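The values are calculated or read from the model by the stated rules, or taken from the named source; none is laboratory data. Keep in mind the model is a prediction, meaning the values are calculated, not measured. Virtual Cβ from ideal backbone geometry, glycine too; neighbours counted across all protein chains shown.
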Amino acid sequence: MSRQLRVGGMVPLTTLDYPGKLACVLFCQGCAWRCRYCHNPQLIPPRGSQEITWQQVLAFLERRQGLLDAVVFSGGEATLQDSLPEAMAQVRQLGFGVGLHSAGIKPAAFARALPGADWVGFDVKALAEECALITRVQGSGVANWRSLELLLASGVEYECRTTVHWQLIDPPRLLILAQRLSERGVKHFVVQHVRSATMLDVDLPRGATQHGLPVLWDTLSRLFTTFELRG
Ligand code: SF4
């Protein structure tokens with residue numbers, strides 16, 4: 001690789017990050033957004049203090065051949081790194097499936113990475129017109145929803161997921177978001193509660209509750225082929 005993938009951390013074994021697979025997760029360093037609830041703020045800067053070299057990653061994967069099904073490229077935002085497609089190809093050559101976690105921050109970069117993925121966990125931040133309230137980056141909604149279109153058109157397996165902090169989205173907005181996703185053709189949707197132990201915006205309350213949610217979950221479950229509530 002001309003420039004090696006910057007990996008800020010790794011989980012060597014997980015069953016949660018790629019449905020149905022035994023996987024390891026590579027947390028790619030760097031992100032261009034500043035989501036208020038980001039629970040991996042140490043991955044946002046372009047360089048991290050805990051980086052693992054790509055050679056170390058490959059050496060680890062060679063020892064795990066036959067033991068792991070897949071490698072998930074997560075972040076940060078993995079697709080911002082030019083070396084991602086080549087890293088994905090190397091992982092595939094070693095015999096692993098390839099998962100990708102992304103919010104499609106730059107649609108052109110997301111499009112370059114898509115052919116290398118077997119499965120994508122795609123973060124839909126919010127309604128397009130409200131994304132910047134979470135990401136604090138103007139234009140992020142257009143990018144997020146354009147990349148969603150690219151994903152759906154690609155035929156790559158996926159799940160769409162939205163992280164919920166009840167101070168940033170309320171149940172009526174979440175329902176509108178889900179309806180819009182369903183109209184766009186999304187079949188697999190996950191709502192995940194925010195992991196509040198660490199959040200980029202330290203002023204964001206740790207806990208915020210809502211009432212009447214079982215009715216909402218029931219409505220959402222009827223909008224999609226699969227619907228899951230996490231966390
Ligand atoms: S949660 Fe937001 S800021 Fe954090 S890595 Fe993901 S896209 Fe970037």
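Quick notes
- When each of 142, 156, 164 is tested for being closer than 27 Å to residue 209 by Cα and hydrophobic (A, V, I, L, M, F, W, C), the lone residue that passes is 164.
- Test: residue in the range 45-58 that is within 16 Å of the ligand (Cβ to nearest atom) and closer than 21 Å to residue 162 by Cα: no
- Close contacts from the range 68-92, counting a first residue that is closer than 18 Å to residue 43 by Cα and a second that is acidic (Asp, Glu) and not in a helix (DSSP H, G or I), with Cβ to Cβ under 7 Å and a gap of 6+ residues or different chains, come to 72/17; 74/17.
- Set 142, 156, 215: member being surrounded by 15 or more Cβ atoms within 10 Å (Cβ to Cβ) and either out of contact with any Ser or Thr (no Cβ under 8 Å at 6 or more places or on another chain) or among the β-branched types (Val, Ile, Thr) (or both): 156
- Matching entry among 177, 204, 181, 216 (being in contact with a Lys or Arg (Cβ under 6 Å, 6 or more places away or on another chain) and touching a residue at least 24 places away in the same chain (Cβ under 8 Å)): 204
- Candidate set: the range 159-185, residues that are touching a helix residue (DSSP H, G or I) at 6+ places or on another chain (Cβ under 7 Å) and not in a helix (DSSP H, G or I); chosen: the one surrounded by the fewest Cβ atoms within 10 Å (Cβ to Cβ): 185
- Of the residues making up the range 15-41, those that are buried (at least 16 other Cβ atoms within 10 Å of the Cβ) and away from the ligand (no atom under 16 Å from the Cβ) number 5.
- Scanning the range 42-95 for residues that are within 21 Å of the chain's Cα centre (by Cα), of a type in the set (A, V, I, L, M) and surrounded by fewer than 17 Cβ atoms within 10 Å (Cβ to Cβ) turns up just one, 89.
- Taken across the range 135-158, residues that are away from the ligand (no atom under 16 Å from the Cβ), at pLDDT 95 or above and among the aromatic types (Phe, Trp, Tyr) do occur, with at least one present.
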